[in-house]
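First up is the structure itself, then whatever we jot down about it.
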Amino acid sequence: MKYADEFRDPVKAKSLLAAIEAEVARIGATEEKPVHVMEICGGHTHAIFRYGLDKLTPPGIEFIHGPGCPVCVLPMSRVDDCLDIAERPGVIFATFGDAMRVPGTRGSLAQAKARGADVRMVYSPLDALALARRFPERDVVFFGLGFETTMPSTALTIQQAAKEGLTNFSLFCNHILVPPPIKALLDDPHMTLDGFIGPGHVSMVIGIRPYDFIARDYGKPVVVAGFEPLDLLQSLLMLLRQIAEGRAEIENQYGRIVPEHGNPVAMAAIDDVYQVRDAFDWRGLGEIDKSGVRIRDTYAAFDAEAKFGVGYGAGKSSGREGALPEMEGARCGDVVKGMIKPWACPKFGLDCTPETPLGALMVSSEGACAAYHLYAGVRATAAE
């Protein structure tokens, strides 16, 4: 296949759906006792709703929306740290657009900009580095956010800043790792998960072997998937066949993009610049051991957390007394963990909409709440 429309062929989709229905029947799954499949990546959540795959697949499949959106799992305390940095004199705070409206306890970066902070939207960390070259008298801070997918770009940017000696550039590092929260969910006795659709973009960097523990230690299958409808249907079929046959393996449906052992150049940059933190705070999940990275001491000059004395850089313990509470009445954490559907939150579609978001899951283009609101045709009345 060469073109996107080939991955959206309705004839092939019907064939895959028929095979999926046969596997669901073989498993004996029903609407009352479904197979619980978690798609880890927020991009997969949006694709499922955009193409109506949740409606086309049999009722014996229950899609659980995982914590695979880095903006959505950012705790309010870290947004407050961003505001602390951005509102200091002489600072230019650069960020991706989807982080501009994520609320902290004192508002969002967009609101800080309205109050006079120099907050600028950029398209890459290299754009922020260009600002540092352009304004040598200012401290330029880039909001480093994302899973392993975006770590190589920020790592390479720090390496370039070090090469040029641009010490007025720094990174507020909020990069997080995919495998640890999956383990945390599997260890949660309240979660029922039968298998995982693995993230495609993350796996492009790290490969598929970091998921081995899911099959080995928990007996759950994983299929790394692409983002087109046929990708997702084929991945679901592969997953159901494993369940029906009593297998638990790590399979790679997205082989045209994802190498088994990842991208060695990207991983080398990550290993050079970052080291794993003892723990990191996640919205709705709390602190998870070894789930985030920080900048290595060899690049300490580019670590905004230490430079400005915020967050863990302020000498706070890893616990930080736990995550700040959600907005009153909102149930963002339960949605992140897949324990409820977005429409079950009393704020969904009423106080919390894409235009007036209370939580990150409604802000981000990959958030489950935004997906439901945009594609699912479900509004707050469903929760009444």
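The values are calculated or read from the model by the stated rules, or taken from the named source; none is laboratory data. All values derive from a computational prediction rather than experimental measurement. Every residue, glycine as well, gets a Cβ built from its backbone with ideal geometry; the counts of neighbours run over all protein chains shown. Accessible surface is based on the protein model in full, side chains and every heavy atom, while ligands, DNA and RNA are left aside. Shrake-Rupley method; radii C 1.70, N 1.55, O 1.52, S 1.80 Å.
For the stretch 305-312, the criterion of being among the β-branched types (Val, Ile, Thr), open to solvent by less than 10 Å² (accessible area, probe 1.4 Å) and either closer than 27 Å to Asp5 by Cα or within 22 Å of the chain's Cα centre (by Cα) (or both) is met by none of the residues.
Of the residues making up the stretch 104-115, those that are open to solvent by less than 80 Å² (accessible area, probe 1.4 Å) and either of a type in the set (A, V, I, L, M) or without any contact (Cβ under 8 Å) to a residue 24 or more places away in the chain (or both) are Leu109, Ala110, Ala112.
Per the listing Ala244, Ala269, the residue uniquely open to solvent by less than 10 Å² (accessible area, probe 1.4 Å) and hydrophobic (A, V, I, L, M, F, W, C) is Ala269. Just wondering, is there one or more residues in the stretch 53-67 that are at pLDDT below 90 and part of a helix (DSSP H, G or I)? Scanning the stretch 53-67 turns up no residue that is at pLDDT below 90 and part of a helix (DSSP H, G or I).
Every test in (1) at pLDDT 75 or above; (2) not in a loop (DSSP other than H, G, I, E, B) is passed by Thr381 save one, and that test is (1). Checked against (1) open to solvent by less than 10 Å² (accessible area, probe 1.4 Å); (2) more than 30 Å from Val37 (Cα to Cα), Ser77 passes all but condition (1). Residues that are more than 16 Å from the chain's Cα centre (by Cα) number at least 3 in the following strands (runs of 3 or more DSSP E) confined to the stretch 135-214: 139-146, 169-175. Take the stretch 80-103 and flag every residue that is open to solvent by less than 10 Å² (accessible area, probe 1.4 Å), touching a residue at least 40 places away in the same chain (Cβ under 8 Å) and under 25 Å from Glu355 (Cβ atoms). Of everything in the stretch 80-103, those that are open to solvent by less than 10 Å² (accessible area, probe 1.4 Å), touching a residue at least 40 places away in the same chain (Cβ under 8 Å) and under 25 Å from Glu355 (Cβ atoms) turn out to be Cys82, Ala86, Phe93, Ala94, Thr95, Ala99, Val102.
Quick one: in the stretch 12-42, which of the residues that are touching a Pro at 6+ places or on another chain (Cβ under 8 Å) and under 23 Å from Val336 (Cα atoms) is most open to solvent (accessible area, probe 1.4 Å)? Per the stated criteria, the residue is Glu31. Can you tell me which of (1) part of a loop (DSSP other than H, G, I, E, B); (2) touching a helix residue (DSSP H, G or I) at 6+ places or on another chain (Cβ under 6 Å) is the one Gly116 doesn't meet? Unmet for Gly116, out of (1) part of a loop (DSSP other than H, G, I, E, B); (2) touching a helix residue (DSSP H, G or I) at 6+ places or on another chain (Cβ under 6 Å): (2).
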